[in-house]
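Heads up, the thing below is written out as C-alpha cells.
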Amino acid sequence: MNKIPSNIMALASNTSNKRETVCIFGTGDFGRALGHKLIQCGYPVVFGSRSTQTSSLIPKDAEVLSHAEAAQKAAIIIIAIQRQHYNFLAPLAENLHGKVLVDISNNLKINQYPESNAEYLAQIVPGAKIVKAFNTVSAWALQSGTLDASRQVFVCGNDMEAKQMVMDIVRALGLTPLDQGSLLAAQEIENYPLKLFPMWKFPILLSLGLTTFFFFYCLIRDVIYPYIYENKDFSFFIAISIPNRICPILALILLALVYLPGVLAAIIQLYRGTKYRRFPDWLDKWMLCRKQLGLVALAFASLHVVYTLVIPIRSFVRWRIISYTVSQALNNKTEPLDTTNAWLSDSYLALGILGFFFFVLLGITSLPSVSNNVNWREFRFVQSKLGYLTLVLCTAHTLVYGGKWFLSPSSYRWYLPNAYMLSLIVPCIVLVVKFVLIFPCLDKPLMQIRQGWERNPQYSS
C-alpha cells in the first residue's frame, strides 16, 4: 500500500471541512451582496428577515427564516440593517446571547451620535460579542469582484476570539483584515467612509487660492495694463497664455511647499535640541499632506507641458513669426544668430525637460504599488535627494527663463513684478536654508538629535 504524504493528507482534510454557517440579518443591497459572496466562498448562509418568503433577489442557495430561527442556526450573525432599526433585536437578546454580532452599519454624518453604532448595539444586546467590520466595503465591490480599491476591512471588538472569527471570514472572501483594537475604535471606523479626501483638502484649497490670486495678477499685468496704456486687446491671453503662466508657477510653489515643512522641522529640532517633543499641530498636518501637495504640483506641471506643446499652432504666435519674417524681407536685412540667446533658450528647455522627468519619477514612486516594493532607504533617496534635485532644476528653469528681466524697469508694470518672480520666493528660501543645514556644524548635531541624542534631557517629557 502506497504511503500518502502528510502534507497532502492535511490539505485534503482542510478542504473537506465544511465552513460554519453565517447568518445575515437584513436583505438589503449589502446583505444580499455579502450573502452571495459568502456562498461563493463555501459558507452556508441563512438570512433572518421579517418576511420568510423567498425572493428572486436572495441568493438561491441561501435559506430565509425568521430572525429567531436564523439566529439559532449560526454562531456569527451579520447585522446588515441601519441603526434606527436595532430595537427589534432587544426581544431576541436571549437568542443572541453568546453569539458574535458583526455590525456593518454607517451613518449619514461624521459623529452623528454620541456613541458608535457598534457600542449602541452592545447596549441593546449586552450578552452578545460585538465586532465592527465590513463598513468600508461597498455592495457594488462585492458584487463586481473589483475589490482593488476597497480590499482593506477594518475590524475592532472587545472579544479577541470573536474578532478572530470575523477576520477569518474576511480573509476567506479575499479581503485584508486590519485589527484596529477594541470597540472604542468603532466610531473612528464608522467616520472613515464619510471623509471626503481628508488629506487632499488643504492642497486643493491652497492650489485654488493661489490659482485665483495669480490669475487676477496676470490678468492685471498682461491684459488690463496693455489695454489702458497701449490700447491693445490681449484678452485672448486668458485662454492659453495666462494658464501657461499660472501652471508652472503653481507647480514650482507647491513643490517647494512639499520640502518647506521638512526644513522647518529641522530648525525646530535644532532649536529644541531633541526629537522627543511634538511639532506644532499646523506643522504635523502640513507634513502629513506633503504627498498630496506633490501630486497636485505634478498635475500643474503636466498641464504646463501640454500648454507649451500647443504654442506653435496658436494664431498669435504664427502671426508674430510671419510679421517678423515679412519685416526682415521688406528691410532686406537678416538678423544674425545670437548664440547667447540660443544657449539660454536651449538651457531653459533642457532644465525644464530634466525637471519634469524627475517630477514624474517622484510621482511614480509615491504610488502604493511602487513604494511598497522599495525599502525605506531607496524611498527616502528618491523622495528626498532626487526631490531636492527636482526643485533645483525647476528653480533654475525659471531663473534662466527670465533672469535678465529682473533689473529691467519695463518688466514692472504698475510696479508689479512679473508673476514668475513671485514664484521664486518660496523655492529659493527652501534651497538656501537647506544649503545652510547641510553644513557640518549643523548637519552633525541634527543627525545626532534624530538618532536620539538630547541637549537637555529633562525637557524630553
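Want the number for L184 to F213: 0.36 nm per residue separation, take away the alpha-carbon distance, what's left?
Length gained between L184 and F213: 6.0 nm.
In segment 176-275, what trypsin sites (Lys or Arg not before Pro) fall in a loop by DSSP, with at most 14 other Cβ atoms inside 10 Å?
K195, K232
Once the other residues with Cβ under 10 Å from the Cβ of Y120 are scored (Lys, Arg +1; Asp, Glu -1), what is the net sum?
-2
Where the only charges are on Cβ atoms (+1 Lys, Arg; -1 Asp, Glu), what is the dipole of segment 22-194 about its Cα centre, to the nearest 20 debye?
Dipole about the Cα centre, nearest 20: 280 debye.
Give a quick list of chymotrypsin sites (Phe, Trp or Tyr not before Pro) in segment 391-424 that DSSP marks as loop, anything other than H, G, I, E or B, with at most 11 other Cβ atoms within 10 Å.
When the chymotrypsin sites (Phe, Trp or Tyr not before Pro) of segment 391-424 are filtered for loop state and at most 11 Cβ neighbours within 10 Å, W414, Y415 remain.
Report the paramagnetic label zone for Q112: residues of segment 174-195 whose backbone N is under 13 Å from a point 7 Å from Cα along the Cα-to-Cβ axis.
Residues 190-195 fall inside that zone.
Taking the Cα centre of segment 250-356 as origin, sum charge times position over the Cβ atoms of Lys and Arg (+1) and Asp and Glu (-1), and report the length of that vector in debye to the nearest 20.
It works out to roughly 500 debye.
Using the alpha-carbon atoms, what tilt in degrees (0 to 90, nearest 10) does helix 241-272 show relative to the longest principal axis of the chain?
Between helix and principal axis, roughly 70 degrees.
Whenever you get a sec, line up V436, V153, V317 from highest to lowest accessible area (probe 1.4 Å, protein heavy atoms).
V436, V317, V153
Compute the length gained on full extension between N158 and R377: take 0.36 nm times their separation in residues and subtract their Cα-Cα distance, giving the result in nm to one decimal.
Stretched fully, the N158-R377 segment lengthens by 75.1 nm.
If you fit an axis through the alpha-carbon atoms of helix 6-16 and take the longest principal axis of the Cα set of the chain, what angle between them do you get, 0 to 90°, nearest 10?
Long axis of 6-16 versus the principal axis of the chain: about 80 degrees.
On the accessible surface of segment 222-264, probed at 1.4 Å, how many percent belong to carbon and sulfur atoms?
62
For segment 47-109, report the % of Cα-Cα distances exceeding 13 Å.
67
Lys/Arg Cβ at +1, Asp/Glu Cβ at -1, dipole of segment 22-194 taken about the Cα centre: which of A75, H97, Q180 is farthest positive-ward?
Value: A75.
For segment 22-194, give the percent of accessible area contributed by carbon and sulfur heavy atoms, probe 1.4 Å, rounded to a whole number.
That share works out to 49 percent.
For segment 347-420, what log10 I(q)/I(0) values come out of the Debye formula at q = 0.20 1/Å, with one point per alpha carbon and no solvent?
-0.82
With a 1.4 Å probe and all protein chains left in place, how much accessible area per residue does the chain have, in Å²?
In whole numbers, the chain has 58 Å² accessible per residue.
If you stretched the chain out fully between D233 and F357, how much longer would it get, using 0.36 nm times the residue separation minus the C-alpha to C-alpha distance?
That pair, D233 and F357, stretches by 41.0 nm at full extension.
Would you compute, for the Cα atoms of segment 309-461, the largest minus smallest coordinate along each principal axis and list the three values in descending order, in whole Å?
Its Cα atoms span 81, 41, 28 Å along the three principal axes.
Quote the charge dipole size of the chain about the Cα centre in Debye, to the nearest 20; the model charges only the Cβ of Lys and Arg (+1) and of Asp and Glu (-1).
820
Quick one: pull the percentage of alpha-carbon pairs in segment 149-247 with a separation above 19 Å.
65
At 37 °C and 0.692 mPa s, what whole-number value in µm²/s does Stokes-Einstein give for the translational diffusion of segment 406-459, with Rh from the Kirkwood sum over Cα pairs?
225
Once both labels are modelled 7 Å past Cα along the beta-carbon direction, what's the S345-L416 spacing in nm?
2.9
I need the Debye-formula profile for the chain: one equal scatterer per C-alpha, no solvent, reported as log10 I(q)/I(0) at q = 0.07, 0.10, 0.12 1/Å, two decimals.
Each listed q maps to, in turn, -0.61, -0.93, -1.07.
Between L442 and R171, take the C-beta separation as r, use R0 = 35 Å, and let me know the FRET efficiency to the nearest 0.05.
Calculated transfer efficiency: 0.10.
Put +1 on the Cβ of each Lys and Arg and -1 on the Cβ of each Asp and Glu in the chain; which of V326, V382, P203 then has its Cα farthest toward the positive end of the dipole?
It is V326, whose Cα lies furthest towards the positive end.
Along the charge dipole of segment 22-194, Cβ charges K/R +1 and D/E -1, which of L57, F154, N191 sits furthest on the positive end?
Highest projection toward the positive end goes to L57.
Round to the nearest 10 and give me the degree value, 0 to 90, for the angle of helix 160-172's Cα axis relative to the longest principal axis of the chain.
Rounded to the nearest ten degrees, it is 70.
Regarding segment 22-194, what's the average projected area of the Cα-atom convex hull, expressed in nm²?
8.8
The values are calculated or read from the model by the stated rules, or taken from the named source; none is laboratory data. Quick caveat, the model's predicted, so the values are computed rather than measured. Glycine gets a Cβ as well: all are built from the backbone with ideal geometry, and neighbour counts include every protein chain shown. In case anyone asks, the SASA skips ligands and DNA or RNA and just uses the protein heavy atoms, side chains included. Shrake-Rupley method; radii C 1.70, N 1.55, O 1.52, S 1.80 Å.
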